[in-house]
1. Could you tell me whether V135 is surrounded by 14 or more Cβ atoms within 10 Å (Cβ to Cβ), assigned by TED's automatic domain parsing to the domain that holds K172 and either assigned to a strand (DSSP E or B) or without any contact (Cβ under 8 Å) to a residue 12 or more places away in the chain (or both)?
2. Checking L100 against (1) surrounded by 12 or more Cβ atoms within 10 Å (Cβ to Cβ); (2) touching a strand residue (DSSP E or B) at 6+ places or on another chain (Cβ under 8 Å); (3) modelled with pLDDT of 95 or more, which test does it fail?
3. Taking S95 as the residue in question, decide whether it is under 30 Å from A137 (Cα atoms), assigned to a loop (DSSP other than H, G, I, E, B) and modelled with pLDDT of 65 or more.
4. Conditions: (1) touching a His at 6+ places or on another chain (Cβ under 6 Å); (2) outside the structural domain of K66 (by TED's automatic domain parsing). L156 meets all but one. Number of the miss?
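The values are calculated or read from the model by the stated rules, or taken from the named source; none is laboratory data. Treat the numbers as computed from the prediction; the structure is a model and nothing was measured. Methodologically, a virtual Cβ is constructed for each residue, glycine included, from the backbone with ideal geometry; neighbour enumeration extends over all protein chains shown.
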Amino acid sequence: MRTKPRYKNRKNTKQSQRLFWRFYTTMAFILILCGSTVVAVKEIWFVLHDTDSFPVAKVEVKGSLKHIPHATIEQIIQPDVSVGFFALPVAKLKSELQALPWVESVTLHRSWPDRLVVNIQEQQPVAVWNHLALVNAKGELFVPAKSTFPKNLLQLSGSDASFAEVFQMSQKIDSALTGNRLPPLQQLQLTAQKDWQVQLSGVDVNLGQDHVDQHLQRLVNAFPQLQKDLSSVKYVDFRYSMGFAVS
């Protein structure tokens, strides 16, 4: 029996060719579009990073600065200003400014069209620790040059490991004194023997290491009387179970 030859469907062949060319032209269009987009993005990038097109014309420094010279801030910022408005490395500049010992916090932002605004909050010291570092109101240490230490700050001292304990005790004692309208605390030391020694109005006071809260209250009660003759009082010892010794 003779087998009949099989013939391709011409209609299907033409339809396949049309689909192929449609796919080919679509892909070619997409490739051309992508290429144009890449070129356009590169052009935009070069324009935005062109220092002549978008220069930084002004740096504005805000904040009440007593211990941070403007020259120091300028020395940090100036080398990077030349890169232009959009390429300005804000995070890098913030990190470098934050590293200055007198800086507590800093923020930087670009202000259109050509300004960099720098806000700096300076550290506010409340005490000196071991004559080497300053302490802010949060109980954080910072170490600027000793020549910049403000005068008449509370003096705290003790072992390095005792800093947090000494700072907390200073807040408790100062609150008790000022709350009773007594002179502010001038010095506080935690000795190697764990005695708490304080100074106010030039008078040295030993609160001991036990029952410190009771001894502190006794100091608050007795100091108005001691104030009447401070010229003859140099030292007061509250380590006694009953009363205190004056010399």
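1. Against the criterion (surrounded by 14 or more Cβ atoms within 10 Å (Cβ to Cβ), assigned by TED's automatic domain parsing to the domain that holds K172 and either assigned to a strand (DSSP E or B) or without any contact (Cβ under 8 Å) to a residue 12 or more places away in the chain (or both)), V135 qualifies.
2. If we test L100 against (1) surrounded by 12 or more Cβ atoms within 10 Å (Cβ to Cβ); (2) touching a strand residue (DSSP E or B) at 6+ places or on another chain (Cβ under 8 Å); (3) modelled with pLDDT of 95 or more, just (2) comes out false.
3. no
4. Failed condition: (1).
Condition check ((1) of a type in the set (S, T, N, Q); (2) under 23 Å from the mean Cα position of the chain (by Cα)) across all residues:
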site: E122; (1), (2): no, yes
site: E140; (1), (2): no, yes
site: P144; (1), (2): no, yes
site: S157; (1), (2): yes, no
site: D160; (1), (2): no, yes
site: M169; (1), (2): no, no
site: L185; (1), (2): no, no
site: Q214; (1), (2): yes, no
